[in-house]
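First up is the structure itself, then whatever we jot down about it.
The values are calculated or read from the model by the stated rules, or taken from the named source; none is laboratory data. Keep in mind that this is a model prediction, so the values were computed, not measured. Note that each Cβ is placed from the backbone with ideal geometry, even for glycine, and that neighbours are counted across all protein chains shown. When the accessible area is computed, the model is the full protein with side chains, heavy atoms only, and any ligands, DNA or RNA have been set aside. Shrake-Rupley method; radii C 1.70, N 1.55, O 1.52, S 1.80 Å.
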Amino acid sequence: MSSFPFLIVLIALPAAGAAVVAALPRGRELLAKQVALAVSLLVLVLTVLATVAFHAGGARFQLTTSVSWIASFGVRFALGVDGIALVMLLLIGVLVPVVIGASWDDELPSGRSMRAYFAWLLLLEAMMVGVFAATDVFLFYVFFEAMLVPMYFLIGSFGGPRRQYAAVKFFLYSLVGGLIMLAAVIGLYVVSNSQLGAGTFAFDALRQLDITPGVQKLLFLGFFIAFAIKAPLVPFHTWLPDAGSEAPIGGAVLLVGILDKVGTFGFLRYCLPLFPDASRAFAPAVLVLAVAGILYAALLAMGQSDMKRLVSYTSISHFGFIALGIFAFTTEAGTGAVLYMVNHGLATGLLFLVVGMLIARGGSRQIGDYGGVAAKAPLLAGAFLIAGLASLSLPGTNSFVSEFLVLIGSFHAVPVFTILATVGMVLAALYILLMYQRTMQGPPRGVLLEESEAPEPVSAHSGGTATVTAPAPVRSRLRVLDLSRRELAVVAPLIALIIGLGVYPQPLLRLIEPAVHATLSDVGVSGTATGGTHR
Amino acid sequence: MIAAPHLSLADLAPLLFVFGAACVGVLVEAFAPRESRHPVQVAVALVGTVGALVSTLFLAGAHEVTAGGALAVDGAGLFLQATIAGLGALAILLFAERSLDPARSAFVAAAAVPVGSPRDRELATSERVQTEVYPLATFAIGGMLLFVAANDLLIMFVALEVLSLPLYLISGLARRRRLLSQEAALKYFLLGAFASGFFLYGLALVYGATGSVQLRDIRAAATAGGTDVLLVLGLGLLVVGLLFKASVAPFHTWTPDVYQGAATPVTAFMAACTKVAAFGAILRLLYVGFGTSEWTWRPLIYGVAIVSMVVGAVLGLTQTDLKRMLAYSSIAHAGFLLTGVIGLGPGGTGSGLSATIFYLLAYGLSTIGIFAVLTLVRDGDGEASHLSQWAGLASRSPVTAALMSLFLLSMAGIPLTAGFTAKFAVFRAAIQAGAWPLVVVALLASAVAAFYYLRVIVLMYFSPPSVEGPTVGVPGLPTTLVLAITATATLALGIFPGAVLDIAQRAAIFVG
């Protein structure tokens, strides 16, 4: 089973699916959706099988494939996964079918076809698998940049009113970062050329290079800026709230759930092992950015009136935690950070989906346009609450495990930063619960209100006194449908994973920890005493 | 008694094909009846260019100097000749398109008739086509083939004139907006004549300094006593003359006007083939003539590369006409190409030559493709090249928009397109030669330029279509063929560039 070329199939399958969906004739929208869903489910099955074939204690990179691609550049089409990449593939496998299910009945801007939407989604999936599975730096760069194109069209063609602006801003920010990284990639090649005699982009060979500190710092910055824009870290973050709020919900979930993780994944995979000295030298500066991001973005999140922007800002805050965990250089914190990447994808993905379902009902993204939804739509409110609680890392949800690991792992390495970061947890509770309270609790109000014939007693709902609400008109009631069966099927797997991984995260930890440990031993920090148990 | 110089006719086959076709074309123009001229001219021009392309393939691996040391037949020269001949054939196909314009041709029926005269109005709607453009273009292609093979400054100058004079003429032959076209031709001629003057003066100074016009002797003289002021000054003037043809800033001022004024197939021809030829000559002059005294030209090329990239990227942002925008894009690309030229490397070991010739091929293909798309989108007054007219094109014609996006992404250098592979190759060559600050500037310029390429995609896909928008013509066989070839090549050179890169690498030899 392990000789099966999982990774190539995982890239080729959605790419082929995208071509099929795009080639379907006009009017076969239903068939397009079914093909897309089938392909994405098949990818999910394959990622799970790949996980089974992966030996957690075995070689660092497994399921490897390598064929020569551009011989005169020394580029190979080399794929392989370590535990970190593997869990990201699992996350892709889970989120894409969920997103396809959630987008099933989306109302697209006029003149847009569902076929194009699903074709771009599947192409994006292929690119995302490629970016995590590449073990050749050139190949990684190619996927890193090519990934922008489907996302650009998803935002630009299917997004909200300011979609043109958001799409171009997204593309240009990422492209600038990518081009800076390109310079560093070529620089690495030139160094390898002078040290090894032949230029190479193979990750394993580049890891062995002995780069002088000055050059290392420059190359580190080249990679770091690209990843910091992608992740995004403050102060490179300003594109995310626009892109996140203007993207269609499905696109937004994949954007913050997976695409942005390429940034933090890049820190771990490329910045740390390739430039260990520079990583240690720049770590304090990165930690300052991380903690500043946690607090600053949390404060901004509290100030948002647009739900999608709010969720985008919470993501920036969470990315600060992930960066903190990575640059604390301990195995617990690093493992926590990787787990955080998965958990954030699930929790924020669910939050975006539920917010999207609410927006689909009310047609407005403003928090102030909703109120008292819980009474009429308890399932929607319940899903919202679970997503929110997972986002603020309540014990019992998956995020708690990862956040706790990050904080406890960072504490003995960088205590001051860690203490400051914990403030972010308090702020998280504030922005999530305030949003929940304003939209779900309290008297019914806002865009979902409907003047009704029969007077409706509202006193039963007016529980939330702390909420900022206008007094409800007496002769009105909310007209809101609770979650449909399709929507339930979409949120249920995510909720199950959130609770499941909150209680029993060991399977993922077993995959992640050896990879993190190997990464940190590249940096030359052994981790802590407890960190080495798996090696 | 004058001994006849050694002359290998087989080595001259590409030149003979094209010049032969051009001469036959002139005879056809004189003697064939009007009705049969067009198909015959197209066939003759295609036979000439394709014949040249095929004969370069047969010559592959040749490595010698012939015609008394005046012509070099070497890998790089043949690669560039094949590129010019191939792109030339594609451009001829674009010239031959008859189903897009209601008057059945993109070229004026009688160029000598004054604009606005009663006869002109009468001819504007007539289906009479004039076919002198084919022999003219074939002569220009012949000049270009000679230009990249010239191992002698005098031959290089002759080739420069042979390629330039027909170009001045055919850029004035547009059927629509004739005044703009004639103005462009005159401007191009005046500035071009000026640049030729620079080249000639430089030639004279170099001859004065070295006593020879042959690149081999110049190289020997430069290696021996490279500090000669006369020689360096002469080199500078030669390079200025060539940079003008390559539309490198600050010698670019003719480019936007000529690109806009000329008929779009002609613009495609000029943008692709002239650029290849000019860079071929620049590479040969610098690498063969001055390869051992790199310090004499490196600072100059370094500087104009930066100026060209910045001017092309920044001024391109403000353009509202697609053809002018592509003109500035070509100026920026000229800067990227010079980045590759810098990558000569110590003792000529760098990958600059192979990277630059690959870039020229990739750029030429995408450029012909993008102008071919431009000829499709029309309104009542010819081509609709104003940006605003392209709004919402994707909903009207998804295939056209997709092709345009592909070529634009290639121009912007997005991975998996030819443009990225090419950019990567030249940047690698430059960094290997230690020019990383230049590469940083190039990357920033790429990012700026990406903005205006993206703007077109945004307009086509994300903007609502305007009510009285342009129509998308149904192309005939020639344009369809061009689009299919260029789009396939743009993708293939992005996804599987290995084979062509290998060829470029093996071809990257100049005979000294």
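Before moving on, here are some points about what is shown:
- Test for B:THR480: is it open to solvent by 80 Å² or more (accessible area, probe 1.4 Å), among the polar types (S, T, N, Q) and more than 24 Å from B:ALA60 (Cβ to Cβ): no
- A:THR264 falls short of the stated requirement of being within 14 Å of another protein chain (Cβ to nearest Cβ) and touching a residue at least 60 places away in the same chain (Cβ under 8 Å).
- Residues (surrounded by fewer than 24 Cβ atoms within 10 Å (Cβ to Cβ) and within 20 Å of A:ASP306 (Cα to Cα)) located in the range A:250-273: A:LEU255
- Of all residues in the range A:118-135, those satisfying the criterion of being within 13 Å of another protein chain (Cβ to nearest Cβ) and not β-branched (Val, Ile, Thr) are A:ALA119, A:TRP120, A:LEU123, A:ALA126, A:MET127, A:GLY130, A:ALA134.
- Of all residues in the range A:389-421, those satisfying the criterion of being closer than 14 Å to A:LEU295 by Cβ and surrounded by fewer than 16 Cβ atoms within 10 Å (Cβ to Cβ) are A:VAL416, A:ILE419.
- Subset of the range A:54-111 (residues that are hydroxyl-bearing (Ser, Thr, Tyr), buried (at least 24 other Cβ atoms within 10 Å of the Cβ) and in contact with a strand residue (DSSP E or B) (Cβ under 6 Å, 6 or more places away or on another chain)): none
- Of all the numbered requirements in (1) under 20 Å from B:THR267 (Cα atoms); (2) crowded, with 24+ Cβ neighbours inside 10 Å, B:ALA425 misses one, and that requirement is (1).
- When A:LEU148, A:LEU121 are checked against the criterion of being in contact with a Ser or Thr (Cβ under 8 Å, 6 or more places away or on another chain), open to solvent by less than 20 Å² (accessible area, probe 1.4 Å) and without any contact (Cβ under 8 Å) to a residue 40 or more places away in the chain, a single residue qualifies: A:LEU148.
- Within the range A:192-216, the set of residues being among the β-branched types (Val, Ile, Thr) and within 12 Å of chain B (Cβ to nearest Cβ) comprises A:VAL215 only.
- Inside the range B:374-399, residues that are buried (at least 21 other Cβ atoms within 10 Å of the Cβ) and more than 16 Å from B:VAL458 (Cβ to Cβ) make up a count of 7.
- Residues (touching a residue at least 60 places away in the same chain (Cβ under 8 Å) and under 26 Å from A:PRO161 (Cβ atoms)) located in the range A:288-303: A:ALA297, A:ALA301, A:MET302
- Condition met for A:VAL416 (over 25 Å from A:GLN304 (Cα atoms), of a type in the set (Val, Ile, Thr), within 22 Å of the chain's Cα centre (by Cα) and not in a strand (DSSP E or B)): no
- Residue pairs meeting the criteria (Cβ under 8 Å; at least 6 apart or on separate chains; first within 10 Å of chain A (Cβ to nearest Cβ) and within 15 Å of A:LEU172 (Cβ to Cβ), in the range B:402-420; second of a type in the set (Ser, Thr, Tyr) and part of a loop (DSSP other than H, G, I, E, B)): B:LEU409/B:THR417
- Among residues that are open to solvent by 10 Å² or more (accessible area, probe 1.4 Å), more than 7 Å from chain B (Cβ to nearest Cβ) and not small (Gly, Ala, Ser), A:PHE143 is included.
- In the set (1) in contact with a helix residue (DSSP H, G or I) (Cβ under 7 Å, 6 or more places away or on another chain); (2) open to solvent by 50 Å² or more (accessible area, probe 1.4 Å); (3) not in a helix (DSSP H, G or I), the condition left unmet by A:LEU41 is number (3).
- For A:LEU427, the conditions (1) crowded, with 17+ Cβ neighbours inside 10 Å; (2) modelled with pLDDT under 90 all hold with the exception of (2).
- In the set B:PHE407, B:PHE358, only one residue is surrounded by 24 or more Cβ atoms within 10 Å (Cβ to Cβ) and within 19 Å of B:GLY316 (Cβ to Cβ); that residue is B:PHE407.
- All positions within the range A:104-144 that are modelled with pLDDT of 90 or more and either outside any helix (DSSP H, G or I) or of a type in the set (S, T, N, Q) (or both): A:ALA134, A:THR135, A:ASP136
- Looking across the range B:435-479 at every residue that is facing chain A (nearest Cβ under 10 Å) and hydroxyl-bearing (Ser, Thr, Tyr), the one that is nearest to B:ALA96 (Cα to Cα) is identified as B:TYR461.
- Taking the listed residues A:PHE203, A:PHE236, A:PHE282, the one that is open to solvent by less than 30 Å² (accessible area, probe 1.4 Å) and either modelled with pLDDT of 90 or more or of a type outside the set (A, V, I, L, M, F, W, C) (or both) is A:PHE203, with no other qualifying.
- Cβ-Cβ under 6 Å pairs, at least 6 apart or on other chains, the range A:68-83 side farther than 19 Å from A:ILE512 by Cβ, far side among the hydroxyl-bearing types (Ser, Thr, Tyr) and surrounded by 21 or more Cβ atoms within 10 Å (Cβ to Cβ): A:GLY74/A:THR200; A:ALA78/A:THR135
- Filter result (within 18 Å of B:LEU409 (Cβ to Cβ) and open to solvent by 30 Å² or more (accessible area, probe 1.4 Å)) within the range B:486-512: B:THR488, B:LEU491, B:ALA492, B:ILE495, B:PHE496
- Every residue from the range B:421-434 that is part of a helix (DSSP H, G or I), of a type outside the set (A, V, I, L, M, F, W, C) and either more than 14 Å from A:VAL185 (Cβ to Cβ) or facing chain A (nearest Cβ under 8 Å) (or both): B:THR421, B:ARG428, B:GLN432
- Check on B:MET404, at negative phi and out of contact with any Ser or Thr (no Cβ under 8 Å at 6 or more places or on another chain): yes
- Condition met for B:GLY335 (without any contact (Cβ under 8 Å) to a residue 60 or more places away in the chain, of a type outside the set (Val, Ile, Thr) and in a helix (DSSP H, G or I)): no
- Within the range A:165-191, the residues that satisfy the criterion of being at the interface with another protein chain (Cβ under 7 Å from one of its Cβ atoms) and either open to solvent by 10 Å² or more (accessible area, probe 1.4 Å) or closer than 15 Å to B:VAL439 by Cβ (or both) are A:VAL168, A:LEU172, A:VAL176, A:LEU179, A:ILE180, A:LEU182, A:ALA183, A:ILE186, A:GLY187, A:TYR189, A:VAL190.
- Verdict on B:VAL206 being at pLDDT 95 or above and assigned to a helix (DSSP H, G or I): no
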